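A short write-up of the structure that comes next.
The values are calculated or read from the model by the stated rules, or taken from the named source; none is laboratory data. Nothing here was measured: the structure is a model prediction, and the numbers come from that model. Cβ atoms come from the backbone with ideal geometry, glycine included; neighbour counts cover every protein chain shown. Ligands, DNA and RNA are excluded from the accessible area calculation, which covers all protein heavy atoms including side chains. Shrake-Rupley method; radii C 1.70, N 1.55, O 1.52, S 1.80 Å.
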Amino acid sequence: MNSIDTLFDLLSDTPNGAFFNPWYQKDPQHDLNEQGPEIRRKQLQTYLKERIDTAKYLFIAEALGYQGGHFTGIAMTSERILLGHHKPVHGIPADGAFTAITPQRTSKPEIKEKGMSEPTATIMWKAIYQLGIDPYETVLWNALPWHPYDEDDGLLSNRTPTDNELEKGYPSLRAFLDIFPDGQLIAVGRKCEQSLDAFGIDSYTPVRHPANGGAPKFRRQMKELIKN
């Protein structure tokens, strides 16, 4: 079993509780068709494979979000990014995630006509291009790979995972790091820092999470990071 297969074997084990597993579960209310999990799984596999020999920067955030990886299968990456709808406004071309397959949406168009859009994903990808970073030198991931949602608000919601829940992501995080052993680890946000500290990893660079007014500081720290 190769390293990516090992990772996907771990990703198939969804934690108990209010979690959505985009690669192995269907979202019957919001998925466009029955192929949603297969599409999301293939998109993440292709995304990772196309970076095995080029990855320099590993950006790790806290958990998957409903506007991003829930429907694309890729951390901090929205459908609008994959479909190229953010190129005219934000300068994010559609071929930055992968080239071997055609990107696909998995959400119903009646939810969002042009696909889901995640602010964190837009800020992250826009910074990558504005700083002149090759997107194939960056890999985006989450310390907790699955999507934690609020049971009262449904699958189109996010919630902050507990410390015990974050621990459920440790095996898949280790498997992810084994795929890219030479990449520089960058923790996006304090919650991710706490998770990496608890996991026993201290060789990372912290940056401000771009959400909730943190975008300007995030961009400044990204610029300094690339300079170094």
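Send over the per residue convex hull volume for segment 103-184, Cα only, as a whole number of Å³.
Details: hull volume 11.9 nm³, N = 82.
About 145 Å³ per residue, rounded to a whole number.
Rounded to the nearest 20 debye, what is the charge dipole size of the chain about its Cα centre when +1 sits on each Lys and Arg Cβ and -1 on each Asp and Glu Cβ? Don't skip to the answer; put the middle values down first.
Numbers: 25 positive and 30 negative charges, 197 e Å.
Value, rounded to 20: 940 debye.
Can you figure out the FRET efficiency of residue 198 with residue 52, using R₀ = 25 Å and their beta-carbon distance, to the nearest 0.05?
E between residue 198 and residue 52, to the nearest 0.05, is 0.35.
When the Karplus curve 6.51 cos²θ - 1.76 cosθ + 1.60 is applied with θ = phi - 60°, which whole-Hz ³J(HN,Hα) does each residue of segment 91-105 get, with x for Gly and Pro?
These are the phi-based 3J(HN,Hα) values: x, 10, x, 6, 9, x, 8, 6, 10, 6, 10, 7, x, 9, 7 Hz.
Give the range of the longest stretch in the chain that excludes all GluC sites (Glu not before Pro) found in loop regions by DSSP and having at most 11 other beta-carbon atoms within 10 Å.
Longest site-free region, per DSSP loop and neighbour criteria: 152-228.
Could you work out how far the C-alpha centroid of segment 143-207 sits from that of segment 51-97, in angstrom?
The distance from the Cα centre of segment 143-207 to that of segment 51-97 comes to 17 Å.
Could you work out the local net charge near residue 154, counting Lys and Arg as +1, Asp and Glu as -1, over the other residues with Cβ closer than 15 Å to its Cβ?
-3
How long are the semi-axes of the ellipsoid equivalent to segment 137-228, from square roots of 5 times the Cα gyration tensor eigenvalues, in whole Å, largest first?
Ellipsoid half-lengths, sorted descending, are 23, 19, 11 Å.
Please compute the modelled spin-label separation between residue 35 and residue 99, points set 7 Å along Cα→Cβ, answer in nm with one decimal.
2.3 nm
Which whole-Hz ³J(HN,Hα) couplings does segment 28-44 yield from phi under the Karplus relation 6.51 cos²θ - 1.76 cosθ + 1.60, θ = phi - 60°, glycine and proline marked x?
These are the phi-based 3J(HN,Hα) values: x, 7, 10, 5, 5, 7, 6, 7, x, x, 4, 5, 5, 5, 5, 5, 5 Hz.
For residue 76, what residues show an amide H to amide H distance below 5 Å, using hydrogens built from the backbone and excluding near sequence neighbours?
Under 5 Å from the amide H of residue 76: 65, 69.
For the chain, what does the accessible surface come to per residue with a 1.4 Å probe? Please give it in Å².
46 Å²
If you roll a 1.4 Å probe over the chain with all protein chains in place, what percent of the accessible area is carbon or sulfur? Walk me through the numbers before you get to the answer.
Values: 4570 of 10470 Å².
The nonpolar share, carbon plus sulfur, comes to 44 percent.
Among residues other than residue 72 whose Cβ falls under 10 Å from its Cβ, what is the net charge (Lys/Arg +1, Asp/Glu -1)? Numbers along the way, then the final one.
On the way: positive: 40, 80, 105; negative: 79, 118.
Result for the neighbourhood of residue 72: +1.
For each pair in 191/217; 56/126; 87/108; 26/56; 42/87; 49/223, compute the distance between the two Cα atoms and list the pairs where it is over 25 Å. Working shown, then result.
On the way: 191/217 17 Å; 56/126 18 Å; 87/108 22 Å; 26/56 33 Å; 42/87 23 Å; 49/223 27 Å.
The answer is 26/56; 49/223.
Sum up the charges of everything whose Cβ sits under 12 Å from the Cβ of residue 226, counting Lys and Arg as +1 and Asp and Glu as -1, but leave residue 226 out.
So the environment of residue 226 carries a net charge of +2.
Which value results for Rg/Rh of segment 21-125 when Rg is the Cα radius of gyration and Rh the Kirkwood radius based on the inverse mean 1/r?
That ratio is 0.94, to two decimals.
Let me see the P(r) profile for the chain: every Cα-Cα distance counted, bins of 5 Å, each bin given as a percent of all pairs.
1, 7, 15, 21, 22, 18, 11, 4, 1, 0
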